[in-house]
Amino acid sequence: MKRKPKDFLTAFLLVGGLLLFVGCGKVEKYSMTDIAMGTITNQTIYSKDGDLTLAVRNIMLELEQEELSWRIEGSEVAQINAAGSGVYTPVSDRLYEELEILIKLSEDSGGAFDITIRPVAALWNIDAWAAGKISVTEENQAAEGASTNKEQPDIIPTHEQITLTLTYTGYENLSLTDGSIMLPKDMALDLGAAGKGIACDRIAAYLREQDVYGAVVSVGGSVVTIGKKPGGTPWQIGIIDPRDTSSFIGILYLEGENFVSTSGDYERYVEVDGVRYHHILNPATGYPADSGVRSVTILCDSGILSDALSTACFVLGVEEGMALAESYGAQALFVDMEGNISMTDGMKQFFKEK
Ligand code: ADP
Ligand code: MG
């Protein structure tokens, strides 16, 4: 992104008082909004090293294309999924480490988190809901006739379909050993619940090595903050109101390096006859998680864990979710079906309700 004179002036005014602190280089503000990893990304970087936003964007694109996407042929995950039953596929060191973390979380969450959920996610066709809410009622289905049914066949899978598809899931059936992974027949990996957090980890690792004064980068519902905000004020991360996504229920005030992820039933969903079916699935039932929460926000010192824990805690609900988060040394904030907010003690010092 080109440096505009106006941006320069704003950045100069903001950081003016801090230049003594940060040495002789000039801190300038660079911003970028983009689409990557199937979501909207936002970057604000206060840098002495010039514009780093393109490099950060490339980190996300490479991670998606080379490692995590199950859609992009040639990515590691796609290759693992295509390998066929009984075949051990070698895994890069980084992905191996991530898989170890995620499989451990699957165990620690009693299976509420499960990276083998893909066949069930495919059955629900949740990716077709990516553009936002689709509302289907008996009335408008009838009015729009057969063509609607063809484009969106069987919005709600049958119980038999779900039961059968669940037999192709189960993290405990994965074999991760000696730098390779093997999936049983018809199983597939889906790192969608942790990918944006992994991107935040990679971005943090890169920016730590640059001459960056401070940065805040969001990849969909996962955010990383680094360093300081010029002017001495804390970073402010808004927590979306799950029933009015254009506003916030409150703000997290954070300093230094933090990873924050939110999982909510408002991100991708379909409504059929007034019932909301969303994209966070309970691996035990094969249906959207129904634990009494609308959203979970996790704050911790790791991107992969903040993202994966937010999904796991959403499936577990307030009580068990809170315990899981605390066992990982993470802070959690839940919004329940009545809109009530509850949080770990440690979260209270950072959160201010609107
Ligand atoms: P978002 O992708 O909106 O940030 P999450 O991080 O909660 O939300 O991830 C949801 C995605 O993860 C789904 O789209 C699906 O691909 C996958 N998923 C759904 N349920 C689970 C689960 N219980 N465990 C692991 N992955 C899941
Ligand atoms: Mg997640």
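The values are calculated or read from the model by the stated rules, or taken from the named source; none is laboratory data. All values reported here derive from a predicted model rather than from experimental measurement. Cβ sites come from the backbone with ideal geometry, for glycine too, and all protein chains shown count toward neighbours. Note: areas computed on protein heavy atoms with side chains; ligands, DNA, RNA excluded. Shrake-Rupley method; radii C 1.70, N 1.55, O 1.52, S 1.80 Å.
When region 64-95 is filtered for residues that are hydrophobic (A, V, I, L, M, F, W, C) and either free of Cβ contacts under 8 Å to residues at least 60 places away in the same chain or under 13 Å from M37 (Cα atoms) (or both), the ones remaining, listed by number, are L68, W70, I72, A78, A82, L95. When you scan region 266-282, how many residues do you find that are modelled with pLDDT of 95 or more and out of contact with any Phe, Trp or Tyr (no Cβ under 8 Å at 6 or more places or on another chain)? Residues meeting the conditions: 1.
Among the residues making up region 198-209, those that are within 15 Å of ligand 2 (Cβ to nearest atom) and either more than 23 Å from E172 (Cα to Cα) or out of contact with any helix residue (DSSP H, G or I) (no Cβ under 8 Å at 6 or more places or on another chain) (or both) are A199, C200, D201. Annotation note: of L333, L309, L299, the sole residue that is within 16 Å of ligand 2 (Cβ to nearest atom), within 20 Å of the chain's Cα centre (by Cα), modelled with pLDDT of 95 or more and outside any strand (DSSP E or B) is L309. Taken over region 258-285, the criterion of being more than 10 Å from ligand 1 (Cβ to nearest atom) and under 18 Å from L316 (Cβ atoms) is satisfied by T285 alone.
Among helices (runs of 4 or more DSSP H) entirely within region 61-128, having at least 3 residues that are within 19 Å of L305 (Cβ to Cβ) singles out 93-108. Selection of region 306-325 for residues being among the small types (G, A, S) and either closer than 16 Å to G197 by Cβ or within 7 Å of ligand 1 (Cβ to nearest atom) (or both) yields S306, A308, S310, A312, A325. Could you list, in sequence order, the residues of region 257-307 that are touching a strand residue (DSSP E or B) at 6+ places or on another chain (Cβ under 7 Å) and among the small types (G, A, S)? Of everything in region 257-307, those that are touching a strand residue (DSSP E or B) at 6+ places or on another chain (Cβ under 7 Å) and among the small types (G, A, S) turn out to be S261, S263, G264, A289, G292, S295, S302, G303, S306. Quick one: how many residues across region 136-170 are assigned to a loop (DSSP other than H, G, I, E, B), of a type in the set (V, I, T) and either open to solvent by 40 Å² or more (accessible area, probe 1.4 Å) or modelled with pLDDT of 95 or more (or both)? Here the count works out to 5.
If we scan region 253-270, do we find a residue that is open to solvent by 40 Å² or more (accessible area, probe 1.4 Å) and part of a strand (DSSP E or B)? Yes. With respect to I237, is the statement that it is of a type outside the set (K, R), within 19 Å of I115 (Cβ to Cβ) and either open to solvent by less than 40 Å² (accessible area, probe 1.4 Å) or part of a strand (DSSP E or B) (or both) true? In short, no.
I'd like to check something: does region 34-41 contain any residue that is touching a residue at least 24 places away in the same chain (Cβ under 8 Å), buried (at least 18 other Cβ atoms within 10 Å of the Cβ) and closer than 21 Å to E209 by Cβ? Checked region 34-41: at least one residue is touching a residue at least 24 places away in the same chain (Cβ under 8 Å), buried (at least 18 other Cβ atoms within 10 Å of the Cβ) and closer than 21 Å to E209 by Cβ.
Among residues of region 309-331 that are farther than 16 Å from I117 by Cβ, those with a beta-carbon under 6 Å from a residue that is within 16 Å of ligand 1 (Cβ to nearest atom) and of a type in the set (F, W, Y) at least six positions away or on a different chain give the pairs V318/F334.
The set of residues from region 287-305 being within 15 Å of S222 (Cα to Cα) and within 13 Å of ligand 1 (Cβ to nearest atom) comprises S295, V296, T297, I298, G303, I304, L305.
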